[in-house]
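See below for the structure under consideration.
Every number in this text was worked out from the coordinates using simple rules, so none of it is lab data. Predicted model, so just to flag it, every value in this text is computed and none were measured. Methodologically, a virtual Cβ is constructed for each residue, glycine included, from the backbone with ideal geometry; neighbour enumeration extends over all protein chains shown.
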Amino acid sequence: MSATGLNMTASTWQLPSRGKVGMICLIIAESAIFTIFVAAYVFYIGKSLNGPTPREVLRVPIVGTICLLSSSLTMHWAIARLRQGQMAAFRICWFLTLLLGAIFIGGTTLEWRHLIYQDGFTIQTNLFGTTYYSLVGLHASHVIVGLIGLTIVMILTLLGKVKREHSERCEVFSLYWHFVDAVWVVVFTTVYIVGR
Amino acid sequence: MEEAQTHDPRACRARHLVRRSLLVAGQVAIGAFVSSAAESAWASDPVSPTNIFAPDSTPAHSIYRLSIFELEILGAIFVVVFSLLLYAVIRFRERKHEEASEPPQIYGSNQMELAWTVLPVLIVVVLFLSTAQVIHRVQDAREPEGTIEVTAVAHQFWWEYRYPQFGVVAANELHVPVSDPARPTPTYLHLLSADVDHSFWVPRLAGKTDLIPNHPNDMWIDPHETGLFLGQCAQYCGTQHAKMLLRVYVESREDFDRWVHTQQQQAAASPSAAGSALFVAKACFVCHTIRGTTSVGQAGPDLTHLMSRDTLGSGAVPNTPENLLKWVRNPDTFKPGTRMPASDVTDQELSQIVDYLMTLR
Amino acid sequence: MYEWLGTGDHKKIGLMYIVYALLFLVVMGVEAVLMRIQLTHANATFLSPELFNRLFTLHGTTGVFFVAMPILFGFGNYLVPLMIGARDMAYPRLNAFGFWMTAFGGLLLYASFFAGDSVAQAGIAPDVGWFAYAPLTATAFSPGHSTDYWNLSLLLAGVGSISGGANFVATILSMRCPGMTLGRMPLLAWMNLVMGGLVLVTISPLTAAQLMLMGDRYLGAHFFDTQAGGSVVMWMHFFWIFGHPEVYVLIIPCFAFISEIIPVFSRKAIFGYPAMVAATTSIGFVSLGVWAHHMFTVGMPSYGNAFFVLTTMVVAVPTGIKIFNWLATIWGGRIRFRTPMLFALGFLFQFLIGGLTGIMLATAPFDWQLGNSYFVVAHFHYVIVGGILFSIFAAFYYWFPKMTGRMLNETLGKWHFWILLIGFHLTFDSLHIPGLLGMPRRVYTYEAGRGWESWNMIASIGVIFQGVAVLIFVYNMIQSYVKGTPAGNDPWDAWTLEWATTSPPPEYNFATVPTVHSRRPLWDIKHPDDPDSKYE
């Protein structure tokens, strides 16, 4: 098959990057899963037959939220620096992202420890418990997966294996991280604002 | 291009003739199926006591009218499209002399796309509006005065019926008065479930409505003729879903009132002391109520007027002494997987219990 | 052997999906035969209720997840890269991962057969129906692990499907050969794109619901626990939010096969390519909004019911448009009645009828009678067997030469078609009637005297024909694989890129990546005086 009479070269044929498309597909699928959990949460607001209400036990995780949302910013900076080849700045920003994410998870851990051991509030307690732990837990598990990815790249960076030409791949990963943050905005609004 | 097989023109034509006649025969056969089914539907009972095309109550009638209307439209669509397909398949088959060339390539036509978009949309509008009307008429109907109210509670695998207006608790056989269209006395059913999902379906009286735990539903029927109407549970509910049968007895007002009066009575003092003692000793009382005694179990059907019922096991078998004996000994004989356990009784104890049960008229 | 276990080549993975699905198709068939024997007579005792209930659960679950999905993913995986001029799918390793997840899911489901007292009574295979309504699936009503086999096997398969869906989307968007704009790619590519996108938003709700069910069964959660105030209707909503678009996931690739086969065997370009794309895409979107037509009897308020009546009827419009476009493709053509075309025409006829009975079911009041009855069983088998299976057979006869280098025997193919047609209609035309006469579904037996028996008997006879037809097909495949006529590159005189390479294609698909200028690159080559590119 030849390109008879056609002025087309390989460089003029542009298609979306498969990395980005693949990651967006993952994000779409995950969004659908989260939507169902959010729907269950919203549907069950106020329907618990007994047990503590959100107002009684939930404390708004302001610090964790600020950390997680800022980590999107640091992630964005990290990618920009990597594209420019500024490896030292990249390393710092990437580390900050990792740190802020870890603080968020730490905060959630403390929150849950308090709820479970101090308030005696678990997934089995009532509908609120069921929907709260599953929704926040689902999100937290996604953050943890992100942290694992961040750690791997951090290690590779410290070993000197990450170069400027990897910025595309890191950008694909950053899409996942931004998604996790965006989901937190939704979860936070649902659980700590609408649901309380 | 290489064809893997060559054509023999006569065999080819013969094949197509066979195909064409088979298709026509098929069409005729299908037509025969459908029309015989419809015809037998007209003669309601002879074909089937659960025929949806033999309505005998306003909800069923409303559905019936809508469905006939729709069948006419869909039937017309089918005839048109199928005829076009049949014609195309015959008219445009490749002839021998055409094998080497290609027909004119036609890529599309905006007018046709518009036409066969607009026309279906109009059909959808018509169907939707007629449907919405019937939905509203059935679901949003208001209860007139004189309505009989029944709370139906579905269990695995039997039906409990409570008549709060009369203080009656019955099981498995629903008695309702016939309703005169001039002055309707419908029966409104409030539908609950004690365990899993079930569905109340008596085709000649109404469409089905589900009984779902923690989700009460309502439906109504206003049968225009007396008689026995059959149906069964229509939502898979476990092992014996298939034998959770429905029996609706539509009676004249006098007969219905008489039935209510009987059901309101407590169990007569029993001459069968041995049997009633065993009823307690063998733990039957844990699940069953016999009003007028100390048995107030709720898990199984109320037995106060057991012998007023035609069947046992919610339609599983006729209510005869022999069947009752077998049922009490081991319900799995007739309905394997039913919730009632077998009885740990000697033959003598069994016949004493059954003798006692047979006094519960 | 190890080559197959570790491969990421889309053609090998495609073939593995197809063979896997065919094996489970036979299993499904056996389950169906057993059930039909039990249902031939009223009050039969051939099967116990427990066994029957496990059989229909397995039959449905296997059919959707371990026959239909894999076989369509198989064909898609095989054909999409070839038809868009690519060397493989976007993510070969993800592709393999998806296949193996699906495969293990099926094995896990059937492991339940052996994980109990009696293999003959089907062990502890799930018995909650393929849609596993709560609270039947709660530990209270489903003690033991049978429901967990259902739940876990589908979680695995679901992950496999989502991987596959993402792979299709990424491949079709990012791997097309030069010149193949979205407006020039074959309809098969478009339809697999829509299917892939639909999979992403369809399977995930099921995954979510199944995680919730797992929470209820293992962690003491109360998602569907009515004692705690939970709602079992919520399970229905979540399940059908998956379940309805899922059937479009199944049918859209079949539309793809028909859209490739009808033009070639009518010797005409597909009529209305842009309309077909628009119709398919809108079906994909609208199908996300119709789910509660499976719940008309649940007690939704009247305006809720009316809404879903409307959306369901609306989705019939683009579906009809497609039927008309196929009809217009045939019109004015020169029809070659080879086996692929016979199956495609059977599809058209049967899909038309299945669509019309679907509109009956979309009419909520009519559904209040017909829902959960044998009418529904007849309807969905009409679309699944009469539609999906017929189009899959069409695809087999059409692409088997490309995959193996040999033609399937045409005479055996015609026997296969006609016997299947007769058997299909005997069984599934008949089964509509008991539904109209009040027979509910999922019943291991039924009462005599309701007018159901003779129709059930005819339906069972039809199964014999269908079994024979499938045996003929299996024999045809084996015999042709070994000594069928060599096919060459392009036995059908077709026009899309897969026919431009050898049969079977080399691992790298094309020696040089092609550049295309129209929707039918091979037509342009064969008709340099009248190429498609002039008209598009």
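Projecting the Cα atoms of C:Ile323, C:Gly358, C:Ser373 onto the charge dipole of the stretch C:254-389 (Cβ charges, centred on the Cα centre) puts C:Ile323 farthest toward the positive pole. Each other residue within a Cβ distance under 15 Å of C:Lys12 adds +1 if Lys or Arg and -1 if Asp or Glu, for a net charge of 0. Take each residue in C:197-207, count the other chain C-beta atoms within 10 Å of its C-beta, and the mean is 4. Expressed as a whole percent, the proportion of Cα-Cα pairs in the protein assembly as shown lying more than 42 Å apart is 46%.
Across peptide B:354-361, what mean number of C-beta atoms from other chains lies inside 10 Å of a residue's C-beta?
Details: counts 0, 0, 0, 0, 0, 0, 0, 0.
Going residue by residue through B:354-361 and averaging, the value is 0.
Distant-in-sequence amide contacts of B:Ser199, defined by a placed amide H-H separation under 5 Å and a gap of 5 or more residues or a different chain, comprise B:Leu211, B:Ala234, B:Gln235.
Among the listed pairs A:Lys20/C:Lys402; C:Lys414/C:Lys526; A:Lys20/C:Lys12; B:Lys96/C:Lys526; C:Lys268/C:Lys526, those whose Cα-Cα separation exceeds 24 Å are A:Lys20/C:Lys402; C:Lys414/C:Lys526; A:Lys20/C:Lys12.
The angle between the Cα long axis of helix A:18-43 and the main principal axis of chain A comes to about 10°, on a 0 to 90 degree scale.
Beta bridges from DSSP with both residues in chain B: antiparallel share about 70 percent, rounded to the nearest 5.
Please sort through the DSSP H helices of chain B and keep those with an alpha-carbon extent of at least 24 Å along the long axis and a Kyte-Doolittle average not below 1.0. Show your work: numbers first, answer last.
On the way: long enough: B:9-42 (49 Å, 0.39); B:58-91 (49 Å, 1.44); B:110-139 (42 Å, 1.19).
Span-like helices, by this rule, are B:58-91, B:110-139.
With a simple spin-label model that places each label point 7 Å from the Cα along the Cα-to-Cβ direction, the separation between A:Leu15 and C:Ala115 comes to 4.1 nm. Here the Gaussian network model covers chain A, with springs between Cα atoms less than 10 Å apart; of A:Trp177, A:Trp13, A:Trp112, A:Trp13 fluctuates the most. Counting only alpha carbon atoms, the long axis of helix C:92-114 and the longest principal axis of chain C meet at about 30°.
Antiparallel versus total DSSP beta bridges in the protein assembly as shown: what percent is that, nearest 5? Write out the running numbers ahead of the final one.
Values: 30 of 44 bridges.
Taking every DSSP beta bridge within the protein assembly as shown, about 70 percent pair in antiparallel fashion.
Please list, by residue number, everything in the stretch C:352-377 whose backbone N is under 15 Å from a paramagnetic label point 7 Å out along Cα→Cβ of B:Phe82. The answer is C:352-358. In the stretch B:63-157, taking the dipole from charged Cβ atoms about the Cα centre, the farthest positive-side position among B:Leu74, B:Ser130, B:Ala141 is held by B:Leu74.
Charge dipole (Cα centre; +1 on Lys/Arg Cβ, -1 on Asp/Glu Cβ; no other charges) of the protein assembly as shown amounts to roughly 2780 debye. With the simple spin-label model, which puts each label point 7 Å out from Cα in the Cβ direction, the C:Val482 to B:Ile106 separation comes to 4.8 nm. With respect to chain C, whose longest principal axis is taken over its alpha-carbon atoms, helix C:187-218 is tilted by about 20°. In chain C, the calculated helix contribution to ellipticity at 222 nm averages -21500 deg cm²/dmol per residue, counting -39,500 (n - 2.57) for every DSSP H run with n ≥ 4.
So what's the net charge close to C:Pro126: Lys and Arg +1, Asp and Glu -1, counting the other residues with Cβ under 15 Å from its Cβ? Value of the local net charge: -1.
Backbone amide hydrogens, once placed in the peptide plane, bring B:Val168 within less than 5 Å of B:Tyr163, excluding anything fewer than 5 places away on its chain.
Between beta-carbons, use under 14 Å as the cut-off and find the net charge around B:Ala171, counting Lys and Arg +1, Asp and Glu -1. Once positives and negatives cancel, what remains is +1. Across the stretch C:268-278, coupling constants 3J(HN,Hα) worked out from phi with the 6.51/-1.76/1.60 Karplus curve, θ = phi - 60°, read 9, 5, 4, 7, x, 3, x, 5, 5, 5, 4 Hz, and Gly and Pro carry x.
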